[in-house]
Amino acid sequence: MEIRPLTQAEQKYTYRQSMQISGQTGSIGILQGGYGTDNEFHYDFHEKSNRLKTDDFEAELQEVLCSDEIGVLKNLDTMREFTLRHSPNGFAGTEYGFRVETEKYAYLVRCNPEKESDSVEIHCYVKEWLDQHIRKAEKGIRFINSRYDELFRIADGEKIKIRYSDGGEQERVCRYIDECHTEVGNNLYHICQFAEIMERNGSEYTPVEPEPVQVEEKEQAQEDKTEGTLELKTQFGTTENVTLTVNTYVDNNSLYVGMTTAGDGFPEPYGDVTVNLLSSVPPYCAFVDTNNMPELEDFLVKNGIAEFTGLMQKSGYCSYPLYQFNAEKMRGLCPDGMAAYEQENGLDKKPEKKEKSR
């Protein structure tokens, strides 16, 4: 079993297809699911082909759903953690796509970590049929006139603009069927049949230039989100999207780190990462409040935010670990707070260059 991000061509097959395309690609069915109040994955299977839905396929599908390799299907927390490590693969918004491949079948997964219910769709195909259809579709869709002269080609899934004799215009998405057939909107045509209908009605058709994909902007947006917003797996089995804040304690200017979360779209305090126990601690160090949030140590280490120094400090019935925070990482997560902390403690001063003695 292999898993990898979807190619751009494969992304089109993570949505419902027409009967014609479903038949040519070996579509077996669509699994739609999401996460209930128990945080577990629940789903329904919508059959597309009874003939292809064999006992072997059903047995393999259960293996795929239960596999440790496909973490996206375990529960909502693991799905969010899984997608956080991957780019959105060209999908709009917050959707992610993966292909799970076995010897005979291909499972195209589209999921949205921002949703709980109806957040996952798995489109199940006979691998050989799907791959063969995609290879042929890469040739593009031919548009001709009634004399079979080729006018232009467009890529599978792109649009044409139809200008009618009365001055009206419409854009239609076109899908590849085979060398001589295409879907224009919801209708299936032989390419010559389409040309004859257009000419008879006095209509013209031209390709629509695809909108440029703002790759750099999307990558930057993803980078900003990953850098500024982190996922905290709480002791209660939930996942919170959190940001870190930096300040200083009033009595000794030591490092304070807090945590906020977006409640109803507005930042709200979530908890204190650090506690103020001693009058003095080394620069960039602070005791971590594992009493109220025992999950903090795992969160800090996994995200490269801080490292345990090996020192503990007891206060009351609790012992708190001393962590050294990664200054560069923290500057990226909270630049203003870190600048104020470093300035307050004289850590922003550059070392003076000494003149070499002659």
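Throughout, read-outs are computed from the coordinates displayed, never taken from laboratory work. Since we're looking at a predicted model, the values are computed, not measured. We place every Cβ from the backbone using ideal geometry, glycine too, and count neighbours over all the protein chains shown.
How would you rank 152-164, 228-240, highest first, on the average number of other Cβ atoms within 10 Å across their residues?
With the highest mean Cβ count within 10 Å placed first, the list reads 152-164, 228-240.
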> Taking K and R as +1 and D and E as -1, what net charge do the other residues with C-beta under 12 Å from the C-beta of Thr248 add up to?
Replying inline: -3
> Beyond 21 Å, what share of the Cα-Cα pairs of segment 229-344 remains, rounded to the nearest whole percent?
Replying inline: 33
> Counting only DSSP beta bridges with both residues in the chain, what percent are antiparallel, rounded to the nearest 5?
Replying inline: 100
> Tell me, what are the semi-axes, in whole angstrom and largest first, of the equivalent ellipsoid of segment 286-336 as set by the roots of 5 times the Cα gyration tensor eigenvalues?
Replying inline: 21, 11, 10
> Rg and Dmax of segment 139-207, using alpha carbons, in Å: what are they?
Replying inline: 11.0, 33
> Considering the chain, what Rg and Dmax in Å follow from its alpha-carbon atoms?
Replying inline: 28.2, 95
>> As a footprinting exposure proxy, order Leu151, Leu296 by other Cβ within 10 Å, with the fewest listed first.
In response: Leu151, Leu296
> Which percent of Cα pairs goes in each bin when the distances of segment 2-135 are cut into 5 angstrom slices starting at zero?
Replying inline: 2, 10, 22, 25, 21, 13, 6, 1, 0
>> Let me check I've understood the local charge: for Gln132, count other residues with C-beta under 15 angstrom from its C-beta, Lys and Arg +1, Asp and Glu -1. What total comes out?
In response: -3
> What does the charge count near Leu322 come to, summing +1 for each Lys or Arg and -1 for each Asp or Glu among other residues with Cβ under 15 Å from its Cβ?
Replying inline: -2
